[in-house]
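What follows is a set of notes on a single structure, which appears directly below.
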Amino acid sequence: MTTPFIVKLVLVSLLVFILFNLGRALFIMVKGEHQQSMSRFLGRRVLLSVVVIMVLLVALGLGYIQPNPRPY
């Protein structure tokens, strides 16, 4: 496997995990169960969002992924 594919795979898996944590927080909020803190899942989501941004910046800086060319 090539490095750009691995970077993209990591990014997609992080985004799926972010959506999973957001869904868990929504389920806790709607159901109203107080055994687990909703802020724990929302905090994970924010942390993983920061990790995604950092991985994108590092991958762009190292040239593993290329941004789209300018439209004009």
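The values are calculated or read from the model by the stated rules, or taken from the named source; none is laboratory data. Just so we're clear, the structure is a prediction, and the values are computed from it rather than from any experiment. Accessible surface is based on the protein model in full, side chains and every heavy atom, while ligands, DNA and RNA are left aside. Shrake-Rupley method; radii C 1.70, N 1.55, O 1.52, S 1.80 Å.
Leaving ligands, DNA and RNA out of it, report the carbon-plus-sulfur percent of the accessible area of the chain at a 1.4 Å probe.
Details: 4060 of 5680 Å².
Using a 1.4 Å probe with all protein chains present, the chain comes out at 71 percent carbon and sulfur.
How much accessible area per residue does the chain have, counting only protein heavy atoms and a probe of 1.4 Å, in square angstrom?
Numbers: 5680 Å² over 72 residues.
With all protein chains present, the chain gives 79 Å² per residue.
Where does the chain land on Rg(C-alpha)/(2.2 N^0.38 Å)? Before the final figure, lay out the partial values.
Details: Rg = 16.1 Å, N = 72, 2.2 N^0.38 = 11.2 Å.
Scaled against compact globular proteins, the figure is 1.44.
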